[in-house]
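As structure tokens, the structure follows; a few thoughts come after it.
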Amino acid sequence: MKQLISLKINGESHEVWTSTHKTLLEVLREDLRLTGTKHGCELGECGACSVLIDGESILSCLVLPVEVQRRDIQTIEGLAETGSSGADVKSHPLQTAFAEQGASQCGYCSPAMLMTAKALLDKNPNPDSQEIRQALSGTLCRCTGYSKIIEAVEQAAAEVQKGAALG
């Protein structure tokens, strides 16, 4: 059985006819072709599918799209700021820091790490390393050993604070 679902993703409205049994992860990847959100365990244990819903990091493999209609969904595709022409793209400080710190190796967990870190920095722009570890604890990484990821979030936090001081 299919139904029409209305979703607000990365600031844009989307209407999609989809099977009622599909998860938000499946709708994002299969129906809307937003493949930055990764398909991991499908059990809510690995964190690879994390997206932001109303600013909270949520596992999209555990959410039905009908539950999040009229809510603000942000995926990794919406993290960078795009200029009005669509051509100018400004990386989020987290994206820059992850690249500079070498916080991403295979890249599979990176979208979830970035989105989860964004939720943290939006709530607490000056987290200590323990708060960063706690926030990211639900997203598994098998490549980096987490040190570079934590350093990248600390770097991004400093950039966010500097930008806030200038703004």
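Checking the table Lys22/Lys123; Lys38/Lys123; Lys90/Lys123; Lys8/Lys38; Lys22/Lys148; Lys22/Lys90 against a 28 Å threshold on Cα-Cα, which pairs fail? Cα-Cα > 28 Å for Lys22/Lys123; Lys22/Lys148; Lys22/Lys90; rest within.
Compute the whole-percent fraction of alpha carbon pairs in the stretch 2-78 spaced more than 18 Å apart. Looking at the stretch 2-78, the distances longer than 18 Å represent 29 percent of pairs.
Calculated mean residue ellipticity, 222 nm, the chain: -9500 deg cm²/dmol, from DSSP H runs (n ≥ 4) at -39500 (n - 2.57) each, averaged per residue and rounded to 500.
In degrees from 0 to 90, rounded to the nearest 10, what is the angle of the helix 147-166 Cα long axis to the longest principal axis of the chain? Roughly 80 degrees, rounded to the nearest 10.
In the calculated pair-distance distribution of the stretch 1-146, the portion above 21 angstrom amounts to 43 percent of the Cα-Cα pairs.
In this Cβ point-charge picture (+1 for Lys and Arg, -1 for Asp and Glu), the chain has a dipole of about 200 debye about its Cα centre. Annotation: the antiparallel percentage among DSSP beta bridges lying fully within the chain is about 90. Peptides 61-68, 72-79, 113-120 ranked from most to least packed give 113-120, 72-79, 61-68, packing being the mean of other C-beta atoms within 10 angstrom over each peptide's residues.
Bear in mind that the values in this text are calculations on the coordinates, not laboratory data. Keep in mind it's a predicted model, so treat the numbers as computed, not measured. Here Cβ is always computed from backbone atoms with ideal geometry, including for glycine, and neighbour counts include all displayed protein chains.
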